[in-house]
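Okay, so here's the structure we're looking at.
The values are calculated or read from the model by the stated rules, or taken from the named source; none is laboratory data. Everything numeric in this text was worked out from a predicted model, so none of it was measured. Reconstructed Cβ throughout: ideal geometry from the backbone, glycine too, with neighbour counts over all protein chains shown. These accessible areas exclude ligands, DNA and RNA; they are computed on the full protein's heavy atoms, side chains included. Shrake-Rupley method; radii C 1.70, N 1.55, O 1.52, S 1.80 Å.
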Amino acid sequence: THNYAQVIVAVPRVHSTLNRSCLGASVVLHVGSETSRFQVDTVAESSASPAAPGPAPGPAPGPTDGSKPSDESKGRFRVVGFADLGALGSAMDIGLPPDVFHEPDTAKSDSVSLHSTGTGHTHVSDHSNTYYQRTFGHNTIDAVPNIEFYRQTAAPLGEKLSRPSLSELHDELDKEPFEDGLSNGDEPSAAEQAAAALAAKEAKGGTIKFGWVKGVLIRCMLNIWGVMLFIRMSWIVGQAGIGLTIAIILMATVVTTITGLSTSAIATNGFVRGGGAYYLISRSLGPEFGGSIGLIFAFANAVAVAMYVVGFAETVVEMLNDVDALMTDELNDIRIVGTLTVILLLGISVAGMEWEAKAQIVLLVILLGAIANYFIGSFIPTDSKEPKGFFGYNTAIFIENLGPDFREEETFFSVFAIFFPAATGILAGANISGDLTDPQSAIPKGTLLAILVTGLTYIAVSSPSAGSCIVRDATGDHNDTVSDTVNCTDAACTLGYDFSICREGGCQYGLMNDFQVMGLVSGFGPLITAGIFSATLSSALASLVSAPKVFQALCKDKIYPGLGVFAKGYGKNNEPLRGYVLTFCIGLAFILIAQLNIIAPIISNFFLASYALINFSVFHASLANSPGWRPSFKYYNMWVSLAGAILCCVVMFVINWWAALVTLLIVLALYIYVSYHKPDVNWGSSTQALMYNQALTHSLNLTGVEDHVKNFRPQCLVLTGYPNSRPALLHLVQSYTKNVGLLVCGHVKTTSRRPNFKELSLDHVRCQRWLQEKRIKAFYTPVFSDNLRHGTQFLLQAVGLGRLKPNTLVMGFKNNWSDGDMRDVEIYINTIHDAFDLQFGVVILRLQDGLDVSHIHGQDDLLSPHEKTPVDTKQQVLVTVSPAKDSDSDSCPSKTTSSQSSPLIMRGNEGQEGKKTETKSPLSLADQRLLESSQQFKKKQGKGTIDVWWLFDDGGLTLLIPYLLTNRSKWGDCRIRVFIGGKINRIDHDRRVMATLLSRFRIDYSDINVLGDINTKPKKHNKLSFKELIEPYRLKEDDMEQEAAERLKAQEPWRITDNELELYRAKSNRQIRLNELLKEHSSSAKLIVMSLPLARKGTVSSALYMCWMETLTRDVPPLLLVRGNHQSVLTFYS
């Protein structure tokens, strides 16, 4: 029999000239075991009923009316057909049949289709077009919900599929969905997907995955049941008594249980990959916390290998010492045995996870046998064991051991510190999360059950067993029987022995003196020794596996540069062999020290720091209230998790306060390092969610508070175009808004054709990333409009959120206004009027060489490295420029909409024009000067002055901006000089008044200049220059008929009438005179800040206003024209 499959052949729609309806058809080829292998179903998308199925031995027919296929087939619907069974077979080979390549968790489907996404990619889908037809009654490429659509690109559980994009479903039929030639993201093609799926399946054929018992439960129990169970529990009972021992165990269990609940909540909030504690914390709290904890957690596991191996080696060396079989001395023998042991464990680990799991099972059996052997032995008291303090279960012993008997300066907390490391190890299963069949189910069940079982075991060993069977002190001498019943009051006295001599010290037996009591109690002593070996080796093996797995996950995320070499995996299980070698080297180094009393508490604190952050992660995620926080494990509480985090921190300091401080300092240092380097990852952490919540809350709170003059700050909407088009403008504004006010880079994209909103969205992402990479604290907001004025109106009215809204419009001066269309000047001047109408302040920057550098090759590329396409792909992204500057450069954003005409980003299409190459020509002298001036505000200014020509009171913005500039390190060496208008006979008075005002404002200044000659007539040649400047723009109505003059004025409203020129002659002369004074007094200033002259709307023509600004700012240093909205922005009241 043959596999059953359906293959869809999508036929382009045919436009009918008669009824203007669209006909869509699909041909379904059924491949089965019958004689007739093909069956054709034709489905019409129009209102006509579907055609009846019939046999069709050939391939699917095309349009029957002779018309050409529509453009839709070029990009949106790629025709996919199989002419013969060979082609069909090849399609089936790449993974079409769902029963061959689907994971158990994916929905089965009767049909498989290939559909194009409009990017030239054909995607495999579980649901064919006929499936949709059966569901909705008509043929559509709109996809029904499918789990494959929600996978990440590197999904380990199945291949990643892409649903049809919104453009494919929504764009007009005659429009190429991706006319820019960019593919839809980084999604692979059908062939690439199928090949990847096939490779994944082949690899997974031999992949070892563990269930919750073998992968989590056994691993956690082995790690928690350490040597503490066999050689320290009896001593703890003797010191703390049965009651406080149970309290110690319960306290430790509470911490681990809360952490287990938190771990379960995080593990069930989405798919968990390899990396254990690092993965859980980093995906919850972000790379800063995850990166710091991941590194120390991996290191702690590596050193823990040495701890457990040294514990094993010490036991072996003690046995050798008992039989006089030492090789050298005790210390070197520990090193020798430890080295051989860790080499053996490394071999087991490198052999693969399956061998490691088998070894763990063997060790578990031995450990369970040792525990059972202990309990069985506790019911079999013998006379030979009574002198050593073991009498079997006895009420008198239980009562005597119920209370504490702290000796040798031990306290409750010191005993707790000794016990707590025995409770760690609950993350042993989570650390190999990548090797679990279903981590979401396995981690909660295995971890919590392991905590329960081991907690009950510790309680059972301590209270009813050791505390009820063994006295605290015993001599081991058969002759120490009761001789004086009066002075002998201990429990042993009631059993016929007198151990009162032990109060003086020197006894070797009993709970307080003999660490090998469990061997004494047990039915078969050597089995307890085997249990000690099993506990140490299993814990060492678990740590040896955990450390490389966590470290590999950390290195894969590239949080720390230089560690990527350890990210590589080998074999079918992606084993981190390099990580194993590194862990082996770290472990061996500490084994050779052979004394871990100092480092041990730090390791415990490293584990506790991880537990604290896991608990805090759950609290943080719940507090952020993100819709993405939906753990399927419901038995957790945010406040309980917070209490668990606090408990972990408290326990850290209880165990060892200085080690806790060292741990916190290391975490803090790594946190600061990762925060500073800002790795380019986005995991949707709860930190992001909480940041959004706080921003939203604070924005709403701000809205309810009225603005106050003391809190005024310039919030600027800067018309930069693309952010890298006018660097001088952006750098200067950022100098006085950084960490002070809002900065929005507005970009008006003027277009005469249909706007491309998809490109607008892509540009927004690119530009915002560019701003972040350049450390410019600004937002980028583009809009489409028919001209600069209307686009700026949109921005002025819509940009901002509540109080976080611009109050100042910043523009570049239109240097080339006289060379272009005067209608652009009309738009430019009206934009200034609109800003004043909306109560905005206006700031205009003029540099003599201009601002716009977008036409120069080699400028900062807006495409981030992550967004650039490789050179060998079909679609190349080339950074190039338009041949000429925009007509409105230096004044408004570039007039571009599509990438083909953008001055920043050009995309070449090999299929149409071949490879476009960028030809670099040497820069002209003017462009060299422009490039130099564009960077002048980026560097430190050095000593100089900022000259403030505060001619008119606009509320204080003209003075506030220079003050904010001088607070920056780049402008810190500059001093403010203030220039004001005045009369010759009142110069001293005016200077004192201004000095008083500036001192009240608490603004430092170096000098105040009163311009007594401001009203002097300008020089004759300057007046002539002004006359020549306005001559081309005059209406000259006296030389024509009134009707013709009115008609011309209506057509060209920017023209200057004779009446207007005469009315504002004095104001024109003032601008000429001010330019003369600027050249006289401020020719060496680093920056001039000057009051912007106002022109009454509807009275002063655009040409005259432009001539005023041109005359005022010509041939002077960088000049900032400022006019506030005449609301006070400075105050001298507290």
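Summed over segment 506-533, the residues that are surrounded by fewer than 24 Cβ atoms within 10 Å (Cβ to Cβ), assigned to a helix (DSSP H, G or I) and small (Gly, Ala, Ser) give a count of 3. The residues of segment 267-305 that are touching a Lys or Arg at 6+ places or on another chain (Cβ under 8 Å), over 16 Å from residue 681 (Cα atoms) and assigned to a helix (DSSP H, G or I) amount to a single one, 276.
If you go through segment 986-1015 and keep only what is part of a loop (DSSP other than H, G, I, E, B), in contact with a strand residue (DSSP E or B) (Cβ under 8 Å, 6 or more places away or on another chain) and among the hydrophobic types (A, V, I, L, M, F, W, C), you end up with 1003, 1014. Restricting the first member to segment 345-371 and to residues that are open to solvent by 30 Å² or more (accessible area, probe 1.4 Å), and the second to residues that are among the charged types (D, E, K, R) and in a helix (DSSP H, G or I), the beta-carbon pairs closer than 7 Å and six or more apart or on different chains are 348/356.
Of everything listed in (1) in contact (Cβ under 8 Å) with a residue 24 or more places away in the chain; (2) within 22 Å of residue 279 (Cα to Cα), the single unmet condition for residue 638 is (1).
From the list 443, 470, exactly one residue is touching a strand residue (DSSP E or B) at 6+ places or on another chain (Cβ under 6 Å), modelled with pLDDT under 90 and among the β-branched types (Val, Ile, Thr). Which is it? Don't jump to the end; show me each part of the working.
Values: 443 fails: touching a strand residue (DSSP E or B) at 6+ places or on another chain (Cβ under 6 Å).
The unique qualifying residue is 470.
Taking the conditions exactly as written (within 26 Å of the chain's Cα centre (by Cα), surrounded by 22 or more Cβ atoms within 10 Å (Cβ to Cβ) and closer than 26 Å to residue 775 by Cβ), does residue 680 satisfy them or not? It is false that residue 680 is within 26 Å of the chain's Cα centre (by Cα), surrounded by 22 or more Cβ atoms within 10 Å (Cβ to Cβ) and closer than 26 Å to residue 775 by Cβ. Residues that are assigned to a strand (DSSP E or B) and open to solvent by less than 30 Å² (accessible area, probe 1.4 Å) occur in segment 493-505; there is at least one. Go through (1) closer than 22 Å to residue 538 by Cα; (2) hydroxyl-bearing (Ser, Thr, Tyr); (3) at pLDDT 85 or above for residue 264 and report which single condition fails. (1) is the only condition that residue 264 fails. Of the residues making up segment 742-769, those that are outside any helix (DSSP H, G or I), aliphatic (A, V, I, L, M) and open to solvent by 10 Å² or more (accessible area, probe 1.4 Å) number 1.
Considering each of 654, 662, 681 in turn, give the residue that is modelled with pLDDT under 90, under 19 Å from residue 297 (Cα atoms) and in contact with a helix residue (DSSP H, G or I) (Cβ under 8 Å, 6 or more places away or on another chain). Walk me through how you get there before you give the answer.
Working: 654 fails: under 19 Å from residue 297 (Cα atoms); 681 fails: under 19 Å from residue 297 (Cα atoms).
Result of the check over 654, 662, 681: 662.
Just give me the residues in segment 721-741 being of a type in the set (Phe, Trp, Tyr) and in a loop (DSSP other than H, G, I, E, B), in sequence order. Give the steps one after another, and end with the answer.
Of the residues in segment 721-741, the ones of a type in the set (Phe, Trp, Tyr) are 722, 736.
Result: 722, single match.
Taken together, 739, 637 contain a single residue that is surrounded by 12 or more Cβ atoms within 10 Å (Cβ to Cβ) and either under 30 Å from residue 808 (Cβ atoms) or not hydrophobic (A, V, I, L, M, F, W, C) (or both), which is 637.
Check segment 1070-1084 and report whether any residue there is open to solvent by 30 Å² or more (accessible area, probe 1.4 Å) and hydrophobic (A, V, I, L, M, F, W, C).
Of the residues in segment 1070-1084, the ones open to solvent by 30 Å² or more (accessible area, probe 1.4 Å) are 1070, 1079-1081, 1083-1084.
Of the ones still in play, those that are also hydrophobic (A, V, I, L, M, F, W, C) are none.
Within segment 1070-1084, not a single residue is open to solvent by 30 Å² or more (accessible area, probe 1.4 Å) and hydrophobic (A, V, I, L, M, F, W, C).
Against the test of being part of a helix (DSSP H, G or I), of a type in the set (Val, Ile, Thr) and open to solvent by 10 Å² or more (accessible area, probe 1.4 Å), the options 259, 263, 253, 245 yield a single qualifying residue, 253.
Take the conditions closer than 19 Å to residue 594 by Cβ and among the hydrophobic types (A, V, I, L, M, F, W, C) and apply them to residue 323. Does it pass? Talk me through it step by step, then tell me what you get.
Numbers: closer than 19 Å to residue 594 by Cβ: no; among the hydrophobic types (A, V, I, L, M, F, W, C): yes.
Answer is no for this residue.
Annotation note: Cβ proximity below 8 Å between a residue of segment 501-517 that is at positive phi and a residue that is among the charged types (D, E, K, R) (sequence gap 6+ or interchain) occurs for 510/388; 510/472; 510/473.
Those residues that are in a helix (DSSP H, G or I), buried (at least 16 other Cβ atoms within 10 Å of the Cβ) and touching a residue at least 24 places away in the same chain (Cβ under 8 Å), I need them from segment 644-663; list them, please. If the condition is that a residue be in a helix (DSSP H, G or I), buried (at least 16 other Cβ atoms within 10 Å of the Cβ) and touching a residue at least 24 places away in the same chain (Cβ under 8 Å), then 644, 645, 647, 648, 649, 651, 652, 654, 655, 659, 660, 663 are the ones that fit. When residue 1106 is tested against (1) of a type outside the set (Lys, Arg); (2) part of a helix (DSSP H, G or I); (3) open to solvent by 20 Å² or more (accessible area, probe 1.4 Å), just one condition goes unmet, and that condition is (3).
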